[in-house]
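Here's the structure, in structure tokens; my notes come after.
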Amino acid sequence: MIFWIASYPKSGNTWLRTLISSYYYSENGVYSQELIKLIGQFPEKRHFEGFLYDVKSVVGTTDFWIKAQERINKEKKLNFFKTHNVFGKINDKPFTNKENSLGCIYIVRDPRNVITSLSNHYELNYEDSLAWMTNHKKYIFDNTETNDYGNFQFISSWSNNYKSWKIQKDIPVKIVRYEDLLEKTFSVTKEIIKFINQITKIDKKIDVNKLRNCVNSTSFEKLKKREKEEGFSEAIFSREKNKMIPFFNLGPNNDWKNILDKDFANKLSVIFKEGLNEFNY
């Protein structure tokens, strides 16, 4: 069955997957880049092979979201999947359901820090990034192949994204603040593993030494160093700069208070007031 690792883009999903993949897919908890590749993305074009979706339609694959998940679940094993998709429907087609999903860890991040990370990753100015984050109809896809929307994900706005997973009643969801994971990595990761084991009925005590290795081997400094030496598959190539944009950029040093000007920061605080209050930002 599928267990989701969900978030709005640039909210810490990758870091969370390094921790989870290190714990569940290694012998000793020590991270390597091969481990994170074992947690794929959904939706992704490869999941729709054999299905006759309209490649020229933005929402063509939505007709097969559930069928693709049913095919994945024929393996009868636990499968972690990353997604930025909202928990909802398009043209009355649900993204997922309780028959195909066990649960979800949803990682949320202060939107004022999301916007700085989003701007760097996609080479957008702050106003364009804000337009992206407040667009209720926003979707993303890999456009390396012309006229094929196989990797379509409907992310909606920052607010709609987290709300969709929070308010649904179909599957259990644990919401984790990126900031808490940053401040108390060991204890928060331990709670995450405890939740996953409970939902998936893994009847094992948490291996504290293995968990400690997970945390130590996935520090931001080590991930950044590894990317510099080995590259990283999720980094994006900048056509403007003719080079790869580092995926692991500022990490814990991404502090909107020191980056955004006061007027724009105040503007964001008003726009995202509901979410900021809800998560005690």
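A short reminder: the numbers here are calculations on the coordinates, not readings from a lab. Owing to the predicted nature of the structure, the values given are computational and were not obtained by experimental measurement. Here the Cβ positions follow ideal geometry from the backbone for every residue, glycine too, while neighbour counts run over all protein chains shown.
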**Report entry** For K204, K163, order by how many other beta-carbon atoms lie within 10 Å, fewest first
**Finding:** K204, K163
Report task. Please give the calculated 222 nm ellipticity per residue for the chain, where each DSSP H segment of at least 4 residues contributes -39500 (n - 2.57) and the sum is spread over every residue; nearest 500 deg cm²/dmol? Result -> -12000 deg cm²/dmol
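What per residue convex hull volume, in Å³, do the alpha-carbon atoms of the chain yield? Mind dumping the intermediate values first?
On the way: hull volume 38.7 nm³, N = 281.
In the chain, the Cα convex hull volume per residue is 138 Å³.
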Report summary line: Quick calc, K98 & K77: beta-carbon distance into FRET formula, R0 22 Å, rounding 0.05, result 0.75
Query raised in the report: By its C-alpha gyration tensor, with a ≥ b ≥ c as the square roots of the eigenvalues, how is segment 1-130 shaped: rounded for a/c under 1.5, else prolate for a/b larger than b/c, else oblate?
Result: oblate
Query raised in the report: Where nothing but the Cβ of Lys and Arg (+1) and of Asp and Glu (-1) is charged, how large is the charge dipole of the chain around its Cα centre, in debye to the nearest 20?
Result: 680 debye
Report summary line: Expected sort for R177, R112 with the fewest Cβ neighbours (10 Å cutoff) up front is R177, R112
Query raised in the report: Within the set K184/K267; K93/K273; K98/K201; K190/K273; K137/K169; K10/K257, which residue pairs have Cα atoms separated by over 26 Å?
Result: K184/K267; K93/K273; K190/K273
Report summary line: Contour minus Cα-Cα span, K166 to D255, at 0.36 nm per residue, comes to 29.5 nm
Query raised in the report: Which ordering of V108, V30, V270 is given by a fewest-first count of other beta-carbon atoms within 10 Å?
Result: V270, V30, V108
**Report entry** Rg to Rh quotient for segment 71-223, alpha carbon positions, Kirkwood Rh
**Finding:** 0.98
**Report entry** Where labels lie 7 Å past Cα in the beta-carbon direction, separation of E123 and D203 in nm
**Finding:** 5.5 nm
Report summary line: For segment 18-66, the dipole about the Cα centre with charges only on Cβ (Lys and Arg +1, Asp and Glu -1), to the nearest 20 debye, works out at 100 debye
Requested in this report: Starting from the Cα gyration tensor of segment 1-73, multiply each eigenvalue by 5, take the square root, and state the resulting semi-axes largest first in whole Å.
Outcome: 28, 14, 10
